[in-house]
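Taking it in order: structure first as structure tokens, then the write-up.
The values are calculated or read from the model by the stated rules, or taken from the named source; none is laboratory data. A quick note: this is a predicted structure, and the numbers were derived from the prediction, not measured. Reconstructed Cβ throughout: ideal geometry from the backbone, glycine too, with neighbour counts over all protein chains shown.
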Amino acid sequence: MRFWAMGPDGHQVERSFSADTLANAKRIRAQHQAREHPGGNITLAAWHEQYWKVIETSVRPATARAYERGWRLRVKPAMGHKKLEAISAGDIEAAMQAWSGGPSTHVDALAVLSRLLDGAVRARRIPLNVARLARRPRVAQTLNLRSRALTAGEVKALLEAVDEPWRGYLAALAYTGMRANEATALQVGDVDLEGRSIHVHRSLTISLEGRPVEVSPKSHKERVVPITAALVPHLVAAMQGKRRSDPVFTGPKGGILSTSNVRRGVRWNELRRTLDRPELRLHDLRHTFATLLFDAGANAHDVQALLAHSSMELTQRYARSRADVARRGAQALDNLLGEHRLSGPEL
């Protein structure tokens, strides 16, 4: 039987031994693993109890909330009782088949399990993270990003259908491309009306304890976004009588905005019906900003900078390049068929 062991230089080396029966071979292997990783007999739930704080403090609050739900609702019920050394990739794949929720929630649950096992590897409780060997659930793409975006006319109809203070908040999302939690964290001092720009450098999220926490924007990327003429009156009204450190956008009674209370305040499902957009999400207003920029003739590098995208590939998903290719193809076929019609019989 062959197995891997730690060599004197700290690197893994292959070792082998002989045994007269399979049962003896398994017993020898188990004894070796116990010597190499003596802490592997702890249950996953007990390890989570020890290691969770390390995970929680190493990720953003929103990610910690997703991980906590994944652990509580999916990983713990299915695998919390198992010993670390006994968990296999097959066990994880079988558990995923029984998990509730969609593919994205399965990804969160698998991510927290993988982080727990990564920590166990570093603590030398197990030799490898078997979650990395498990097949990841496939997240299906529904609509492409351009399909999710509103047209300029639909943005106008959306804003006309809601009252202040919600109207100014939604206008800021559609006309600046800010994420909802970035607009929530926006302060009066971040807005330069004279220079027609907004400095986006903070975001507001909710901790596991339910407290608002100010963090940096996604990917820790600050940026400056433009103030369009259509947005100016909304900003002026929202900032009137406020100090530099006050939030620009608040609820009707001055409370902190969140995606849930905004959806309730504007009656989001009614707005969907009004616009005939049954799948419209608040985040689609960010997609709207990107597509409007491309339609107005902005170049891809400017759009990438304004949205703080990590890659040009993501930015290009908002461009009309595919539609343009289809249009050129249709024109070429029209030209060809037109020539054939000229030389053929009249219909």
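Filtering the range 260-282 to residues that are under 13 Å from Thr184 (Cα atoms), surrounded by fewer than 15 Cβ atoms within 10 Å (Cβ to Cβ) and either touching a strand residue (DSSP E or B) at 6+ places or on another chain (Cβ under 9 Å) or not small (Gly, Ala, Ser) (or both) leaves only Asn261. Taken over the range 168-204, the residue count meeting the criterion of being closer than 14 Å to Ser258 by Cα and among the hydroxyl-bearing types (Ser, Thr, Tyr) is 3. In the range 120-154, of all residues being buried (at least 16 other Cβ atoms within 10 Å of the Cβ) and within 23 Å of the chain's Cα centre (by Cα), the one that is modelled with the lowest pLDDT corresponds to Leu145.
Scanning the range 141-161 for any residue that is in contact with a His (Cβ under 6 Å, 6 or more places away or on another chain), part of a loop (DSSP other than H, G, I, E, B) and under 26 Å from Asp284 (Cα atoms) turns up at least one such residue.
For beta carbons closer than 9 Å, sequence separation of 6+ or different chains, a first residue in the range 237-264 that is free of Cβ contacts under 8 Å to residues at least 40 places away in the same chain and a second that is assigned to a loop (DSSP other than H, G, I, E, B), the qualifying pairs are Asn261/Gly251; Asn261/Gly255; Arg263/Leu282. Candidates Thr184, Thr105: the one that is of a type in the set (Val, Ile, Thr), outside any loop (DSSP other than H, G, I, E, B), crowded, with 16+ Cβ neighbours inside 10 Å and assigned by TED's automatic domain parsing to the domain that holds Glu214 is Thr184. Looking only at the range 233-256, residues that are under 18 Å from Val191 (Cα atoms), in a loop (DSSP other than H, G, I, E, B) and among the aliphatic types (A, V, I, L, M) come to 1 in all.
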